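Colleague: Supplied in structure tokens, the structure appears directly below.
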Amino acid sequence: MLAEEAGFDGVWASGFELSALYGLPDMSLISMTQHLDMLRAIAGGTRLPILADIDTGYGNAINVIHAITEYERAGASAVVIEDKTFPKVTSLAAEGRQDLLRIEEFQGKIEAAITARSDPDFLVIARTEALIAGPRRSGGPASGTCLYGSWRGHDPDPFEKQDSLRDRKLCARLDQNGAAGDRAERLP
């Protein structure tokens, strides 16, 4: 696989790219089955860990439980779940709505994912779009979340200003142009 040859440490399996392959917008139009088929194809061609971006988890906490079981079975090493409503609209859409779940509902989805995993090393990453949607809510990820990250933000140091995140492992944030911030770090 090209990613291995290039020396990458892992592979990101995203619905955004799969949607683009089908000529569709990234708006929950690709099914979990289609995404799992792509993930299995990737897993069959690499030994690298695969992080599967499962958007909103395909629905509520019950859907997340099913998704975690299937993604582990298909070869993912981690999943990232975002706090948007289902069906989602990509945050890259200029005028796309950014409707977020209630904090309690998102925490429930993350807790369901953590409980559903069979491998304790399988990472559950909670991703927030709150920095894009605006400062209309606060709060942190569910207890036990392995990582917590934001896709992109408009504040140069958004994580430093959130007390609930100070002791968490954080994913590198991306700026409005998709570039990693100057303080991106490799996670162990």
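Colleague: Residues I110, I114: which one is among the aliphatic types (A, V, I, L, M), touching a residue at least 24 places away in the same chain (Cβ under 8 Å), in a helix (DSSP H, G or I) and open to solvent by 30 Å² or more (accessible area, probe 1.4 Å)? Break it down stepwise before answering.
Modeller: Working: I110 fails: open to solvent by 30 Å² or more (accessible area, probe 1.4 Å).
After ruling out the rest, the residue left standing is I114.
Colleague: When both residues are 6+ apart or on different chains and their Cβ atoms are under 9 Å apart, which pairs have a first residue that lies in the stretch 15-40 and is under 18 Å from K84 (Cβ atoms), and a second that is open to solvent by 60 Å² or more (accessible area, probe 1.4 Å) and of a type in the set (S, T, Y)?
Modeller: L29/Y22; I30/Y22
Colleague: Count, please, the residues in the stretch 1-31 that happen to be open to solvent by 30 Å² or more (accessible area, probe 1.4 Å) and in a helix (DSSP H, G or I).
Modeller: Final tally of qualifying residues: 7.
Colleague: Now for a different question. In the stretch 50-86, which residues are part of a loop (DSSP other than H, G, I, E, B), more than 15 Å from K109 (Cα to Cα) and in contact (Cβ under 8 Å) with a residue 40 or more places away in the chain? Write out each step before concluding.
Modeller: Here is the first cut: in the stretch 50-86, the residues part of a loop (DSSP other than H, G, I, E, B) are 54-60, 75-77, 83, 85-86.
In the following step, the residues that additionally are more than 15 Å from K109 (Cα to Cα) were identified as 75-77.
Within the stretch 50-86, A76, S77 qualify.
Colleague: Go through (1) under 15 Å from the mean Cα position of the chain (by Cα); (2) open to solvent by less than 20 Å² (accessible area, probe 1.4 Å); (3) not charged (D, E, K, R) one by one and return the number of the condition A74 breaks.
Modeller: Going through the list (1) under 15 Å from the mean Cα position of the chain (by Cα); (2) open to solvent by less than 20 Å² (accessible area, probe 1.4 Å); (3) not charged (D, E, K, R), A74 breaks only (1).
Colleague: Same structure again: Only one of these conditions is not met by L92: (1) over 15 Å from the mean Cα position of the chain (by Cα); (2) modelled with pLDDT under 90; (3) open to solvent by 50 Å² or more (accessible area, probe 1.4 Å); (4) of a type outside the set (D, E). Which number is it?
Modeller: Unmet condition: (1).
Colleague: Is at least one residue of the stretch 45-65 small (G, A, S), touching a strand residue (DSSP E or B) at 6+ places or on another chain (Cβ under 9 Å) and within 20 Å of V11 (Cα to Cα)?
Modeller: Going residue by residue through the stretch 45-65, those that are small (G, A, S) are 45, 52, 57, 59, 61.
Next, from what is left, pick out any that are touching a strand residue (DSSP E or B) at 6+ places or on another chain (Cβ under 9 Å): 52, 57.
Checking the rest, the ones that are also within 20 Å of V11 (Cα to Cα) come to 52, 57.
Yes: one or more hits.
Colleague: Among the candidates R40, R47, single out the residue that is in a helix (DSSP H, G or I) and either open to solvent by 70 Å² or more (accessible area, probe 1.4 Å) or of a type in the set (A, V, I, L, M, F, W, C) (or both). Step through it out loud before you land on a result.
Modeller: On the way: R47 fails: in a helix (DSSP H, G or I).
Just one listed residue meets the conditions, R40.
The values are calculated or read from the model by the stated rules, or taken from the named source; none is laboratory data. Because the structure is a prediction, the values reported are computed rather than measured. Cβ atoms come from the backbone with ideal geometry, glycine included; neighbour counts cover every protein chain shown. Side chains are part of the model used for accessible areas, which takes the heavy atoms of the whole protein and leaves out ligands, DNA and RNA. Shrake-Rupley method; radii C 1.70, N 1.55, O 1.52, S 1.80 Å.
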